[in-house]
Every structure is written in structure tokens, then in C-alpha cells.
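Quick note: the coordinates plus some simple rules give every number you see, no bench work behind them. Everything quoted here is computed from the prediction, not taken from an experiment. Heads up, the Cβs are rebuilt from the backbone with ideal geometry, glycines too, and the neighbour counts pull from every protein chain shown.
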């Protein structure tokens, strides 16, 4: 597991993907602190890591990053940790378009092409 505070190269993400899932890297984004945690088998492990570091549950969102895809298609909003009826998020995706945009902005700012 690796926390990305500044940047990670696309090549490093590709290497991570090849070691665990083949074509994707699981990640959790803290939309408030603008942190990204990558390279774990489960989103819940990444979520627990960020919670231990002081992140708040309502700011954490699970995604999958496909490093071989174009920047516009690279992020998939799909994780069990996203199921949050208390925040009006009733799917494994991220239903709020503003939160989706924040996630994409954070992820894109942290991946060096």
C-alpha cells in the first residue's frame, strides 16, 4: 500500500497493476485532504489506513484506476466502501457528480504521464 501525497508515475501504476490484478489498481481518495492510497487488494484496507491517519469516513471514496487507458477513461467509480445510504450514495459507484469531479481532479493531478 502506498499513499500518494504528490505524484506517482503512470509506469509505476502499470507495474502495480501487473502484480495484483493485471489491468487495474485499487485506490481510495480522500476528497478533503486530497490524498490517494493505491496498491492494495481491498479498498477496505486502504480506507482503514486513511482512517488511522485521521481521514474522515465521509470523505473517502473507492475507485479503480486502469493505467493503460486514456486519462478520460482511466477511473472507474466502483467499490463496496461507497455504499453509503446516510450520504445518499446508494450504489457502489459515486452518485454525486460534484464528488466525482473532485475525485477525478485529485487523481489526475497525482498521476504523472
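When Cα extents along the principal axes in Å is calculated for this entry, the matching label among (i) 37, 29, 23; (ii) 43, 37, 18; (iii) 31, 30, 25 is (i). Distance between the 7 Å Cα→Cβ label points at residue 109 and residue 44: 3.1 nm. Computed over the chain with a Gaussian network model linking Cα atoms closer than 10 Å, the most mobile of 88, 64, 23 is 88. Taking the longest Cα principal axis of the chain as reference, the axis of helix 97-110 is set at about 30 degrees. Here the residues 102, 6, 14, ranked from fewest to most Cβ neighbours within 10 Å of their Cβ, fall in the order 6, 14, 102. For residue 98 and residue 51, the FRET efficiency from 1/(1 + (r/R0)^6), where r spans their Cβ atoms and R0 equals 22 Å, is about 0.45.
Calculate the spin-label point distance for residue 21 paired with residue 78, positioning each point 7 Å from the Cα along the beta-carbon direction, and give it in nanometres. Here the modelled spin labels are 0.8 nm apart. With respect to the chain, whose longest principal axis is taken over its alpha-carbon atoms, helix 43-52 is tilted by about 70°. Taking the C-alpha atoms only, the angle from helix 10-20 to the longest principal axis of the chain is near 80 degrees. Counted residue by residue at 0.36 nm each, then reduced by the alpha carbon distance between them, the extension gain from residue 5 to residue 90 reaches 27.7 nm. For the chain, modelled as a GNM whose springs connect Cα atoms under 10 angstrom apart, the maximal fluctuation among 57, 46, 100 occurs at 57. Note on residue 14 and residue 70: the extension gain reaches 18.9 nm, defined as 0.36 nm multiplied by sequence separation minus the Cα-Cα distance. The DSSP beta bridges internal to the chain are antiparallel in roughly 90% of cases. The distance from the alpha carbon centre of the range 39-60 to that of the range 86-113 is 15 Å, rounded to a whole number. Going from the residue with the fewest nearby Cβ atoms within 10 Å to the one with the most, 53, 97 rank 97, 53.
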